[in-house]
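Q: First, the structure itself, so that you have it in front of you.
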Amino acid sequence: MRRTVYVPVYSSIYSGLDIRQTLIELAATVSIRNVSAQHPVILNFVRYYDSGGQLVRPYLNEPAELGPLATIGFVVKNTDTAGGPGANFLVQWVGRADGDEPLIEAVMIGKSGNAGISFTSSGRVIKNEPAR
């Protein structure tokens, strides 16, 4: 089984009232968790895209195995503003047809003044897979 997962990542968000808007830079971690206790999954690629859909960077140079119950994270620092508010990741994985699908989420954190900001977003399988 092969799947490509779209993961929304908010490397920055707009905040403000009325006309005055400010951009808050966030750190984001894409977490890929192999929920199978028996079988590995192979990550074919992990790619980071900006708000315009342009590739910012690949995070893997070659396929990598994620062992049973293992987790890996890919970080976008809060100082990395290349992605913008509409950034996203594409993650392609391969596993056994009778296996469990990995859990793929993004966690964003940041601060504005004295307020801390944190939230998550979930990955979504896309039907029209891109080339490797």
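The numbers here are math on the coordinates, done by the rules we state, and not lab data. Every value quoted in this text rests on a predicted model; they were computed, and no experiment measured them. Methodologically, a virtual Cβ is constructed for each residue, glycine included, from the backbone with ideal geometry; neighbour enumeration extends over all protein chains shown.
Q: Could you derive backbone 3J(HN,Hα) for the stretch 107-113 from the dihedral phi with the Karplus parameters 6.51, -1.76 and 1.60 (θ = phi - 60°), listing whole Hz in sequence and x where the residue is Gly or Pro?
A: For the stretch 107-113, the Karplus-derived couplings read 10, 10, 9, x, 8, 9, x Hz, x marking Gly and Pro.
Q: Could you let me know the centre-to-centre spacing of the stretch 106-132 and the stretch 23-70, using Cα atoms, in angstrom?
A: The stretch 106-132 and the stretch 23-70 have Cα centres separated by 12 Å.
Q: If we count other beta carbons within 10 Å of each Cβ, what is the order of LEU55, LEU90, LEU60, fewest first?
A: The order, fewest Cβ neighbours first, is LEU55, LEU60, LEU90.
Q: Which is farthest toward the positive dipole end of the chain among LEU103, GLY123, GLY86, measuring Cα position about the Cα centre, with Cβ charges +1 (Lys, Arg) and -1 (Asp, Glu)?
A: Comparing the listed Cα positions along the dipole, GLY86 ranks first.
Q: Search the structure for amide H atoms under 5 Å from the amide H of LEU26, placed 1.01 Å from N in the peptide plane, and list their residues when 5 or more places away or on another chain.
A: Close amide H contacts, sequence-distant or interchain: SER12, ILE13.
Q: Hey, what did the chain get for relative contact order, percent, Cα under 8 Å, at least 6 apart?
A: 39 percent
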